[in-house]
1. In what sequence, largest accessible area first, do Ser250, Ser133, Ser235 appear using a 1.4 Å probe?
2. With +1 on each Lys and Arg Cβ and -1 on each Asp and Glu Cβ, how big is the dipole of region 87-239 about its Cα centre, in debye rounded to the nearest 20?
3. With θ set to phi - 60°, apply the Karplus curve 6.51 cos²θ - 1.76 cosθ + 1.60 along region 286-301 and write out the HN-Hα couplings as whole Hz, x wherever there is a Gly or Pro.
4. Give a residue-ordered list of calculated ³J(HN,Hα) values for region 222-239 (Karplus: 6.51 cos²θ - 1.76 cosθ + 1.60, θ = phi - 60°; whole Hz; x for Gly, Pro).
5. Whole-Hz ³J(HN,Hα) for each residue in region 181-198, computed from phi via Karplus 6.51 cos²θ - 1.76 cosθ + 1.60 with θ = phi - 60°, x for glycine and proline: what do you get?
6. Could you put Lys271, Lys89, Lys155 in order of accessible surface area, largest first, with the 1.4 Å probe and the full protein assembly present?
7. Would you please give the residues with an amide H less than 5 Å from that of Val164, counting only those at least 5 places away or on a separate chain, with H modeled from the backbone geometry?
8. Heavy atoms only, 1.4 Å probe, whole protein assembly: order His132, His124 by accessible area, highest first.
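The values are calculated or read from the model by the stated rules, or taken from the named source; none is laboratory data. All figures in this text were calculated on a predicted structure; none of them were measured in a lab. Note that we place each Cβ from the backbone using ideal geometry, even for glycine, and neighbour counts take in every protein chain shown. Ligands, DNA and RNA are stripped out before the accessible areas are found, and what is left, the full protein with its side chains, is counted by its heavy atoms. Shrake-Rupley method; radii C 1.70, N 1.55, O 1.52, S 1.80 Å.
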Amino acid sequence: MLVRRSFNCGRFAGQLALLRPGLCQSRLSLTRFHSSDSNKGNESYTHFGFKDVPEEEKEYMVKNVFSSVAKKYDQMNDMMSLGIHRIWKNQFVSALNPGNSTTPMKVLDVAGGTGDIAFRLLDHATQRNHDHSSKVIVADINPDMLAVGKRRAKKTPYFESGRVDFIEQNAEVLDKIPDNSIDIFTIAFGIRNCTHIDKVLEQAHRVLKPGGVFSCLEFSKVYPPLLAEVYRQYSFKFLPLLGTVIAGDSESYQYLVESIERFPDADRFAKMIEQAGFTLAGERGYECLTFGVAAIHTGVKL
């Protein structure tokens, strides 16, 4: 079921009418998500970049990657998006329009340890909507990323205001978040690193209130093909090298570009969101950004 009317679920009247369908290209073969080795016995495997690894090991490996890049996270995003991620994040937050309610909102930002999205959400609510009460919970599985966010919080007006909390949580579990308790669920550049994307979507649906909004900003598939190949060559040839120069770590950056390549295309990810029980916003449930380098997917829990 698609949402084509002006949005009026819960507190979000009209806000998702801002989203328009993009023109992402669907070029990722479904077979790439299956293990290439049929003789791995009964152990469950998943992908870690281009490698197939046991599912129970991926969480540890992803933790190591983000512990390695935590202090250089902004530079990493600058490299991977050519600096445009800041514009995407502002657009992501503006479309949600937090603080547009007569009562305080509760927002859950998952995989947002550094606070980048959380502080933008609070800035928008405070400065645009004069809301000084809405709160953001930042959940991240990585304590090093959370440590960066907590340090940054001290330099914001939200420090010790009770408006931002940082908790260590697995996006696939979220057992510290009650059912039907969240107004907006955000996840930016994080869901592709999760072992079971479907479980993250199930948790999002569980914790959101009826009328609550799920919104995901993530790297996607570039179009047209010529530009896609240019971006791919840049990603695979230069980003690991820059990772070595900036962070002394090429392997983590190699994984990050591979994880983008392995992530579902925009249409398939929209289908996954719908299968989790959400109603898609707009005609296709997503908006492509900058020739498909990234996309914003949005769904509503009715």
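1. Ser133, Ser250, Ser235
2. 420
3. 8, 10, 7, 10, 6, 6, x, 4, 9, 8, 10, 9, 9, x, 10, 8
4. Calculated HN-Hα couplings, in order: 6, 9, x, x, 5, 5, 4, 5, 4, 5, 5, 5, 4, 5, 7, 8, 9, 4 Hz.
5. 10, 10, 8, 9, 10, 10, 8, 10, 6, x, 5, 5, 8, 7, 5, 10, 4, 4
6. Lys155, Lys271, Lys89
7. It is Val136, by chain and number.
8. So the residues, ranked largest to smallest area, are His132, His124.
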